[in-house]
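Undergrad: One structure is given below, represented as structure tokens, and several questions about it will come after.
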Amino acid sequence: MLLASSSYNYPILDAFWTILMIFLWVLWFWVLITVFIDLFRSRDLSGGAKALWFVFILILPLIGVLVYLIARGGKMHEHAEREAQLQDQQLRRYAQETAGPQGSADQLAKLADLRDRGVITAEEFDREKAKVLA
């Protein structure tokens, strides 16, 4: 009886531990979902390797996720970076298609401004100028 009543002497501490546990659970599920997304999007793994990783993570979740992060953490970063670059290219392509063609004079003025500021070299300017005028 004494032990049960003593746990309610510090309700703020109890609330803190509850919030901490919820945070850790959310963090765990976020990491688990990220690992599974990377696992199934990996083009460098065969179907059998994906199945083995999946079973390993399913049977021993904590150890499986830690081993996956150690073994393939760098690849996860490369996959995320490649995906971000692909999305950026798609967004730029969509924006260019939506905005419509710019006038060649506007493009040449922008290129000249970039050349004057030293962002692009004279050779790059000439190459892009030829593309615009073609």
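The values are calculated or read from the model by the stated rules, or taken from the named source; none is laboratory data. Being a predicted model, the structure only gives us computed values, none of them experimental. Cβ sites come from the backbone with ideal geometry, for glycine too, and all protein chains shown count toward neighbours.
Undergrad: Within the stretch 81-134, track down each residue that is in contact (Cβ under 8 Å) with a residue 24 or more places away in the chain and surrounded by 10 or more Cβ atoms within 10 Å (Cβ to Cβ). Outline the logic, then answer.
TA: Step one: list which residues in the stretch 81-134 are in contact (Cβ under 8 Å) with a residue 24 or more places away in the chain, which gives 83, 104, 107-108, 132-133.
Once the filter is applied, which keeps residues that are in contact (Cβ under 8 Å) with a residue 24 or more places away in the chain and surrounded by 10 or more Cβ atoms within 10 Å (Cβ to Cβ), the stretch 81-134 yields E83, S104, Q107, L108, V132.
Undergrad: In addition: Within the stretch 120-133, is even one residue outside the structural domain of W28 (by TED's automatic domain parsing) and among the hydroxyl-bearing types (S, T, Y)?
TA: Here is the first cut: in the stretch 120-133, the ones outside the structural domain of W28 (by TED's automatic domain parsing) are 120-133.
From the residues that got through so far, the ones that are among the hydroxyl-bearing types (S, T, Y) too are 121.
Yes; the residues of the stretch 120-133 include at least one that is outside the structural domain of W28 (by TED's automatic domain parsing) and among the hydroxyl-bearing types (S, T, Y).
Undergrad: Return a yes/no flag: does the stretch 35-54 have any residue that is modelled with pLDDT of 90 or more, over 19 Å from the mean Cα position of the chain (by Cα) and of a type in the set (D, E, K, R).
TA: Yes.
Undergrad: I'd like the residue in the stretch 69-120 that is of a type in the set (V, I, T) and modelled with pLDDT under 85 and, out of all such residues, is nearest to the chain's Cα centre (by Cα).
TA: So in the stretch 69-120, the residues of a type in the set (V, I, T) come out as 70, 98, 119-120.
Now restrict to residues that are modelled with pLDDT under 85: 98, 119.
Values: T98: 26, V119: 28 Å.
Ranking the qualifying residues of the stretch 69-120, first place goes to T98.
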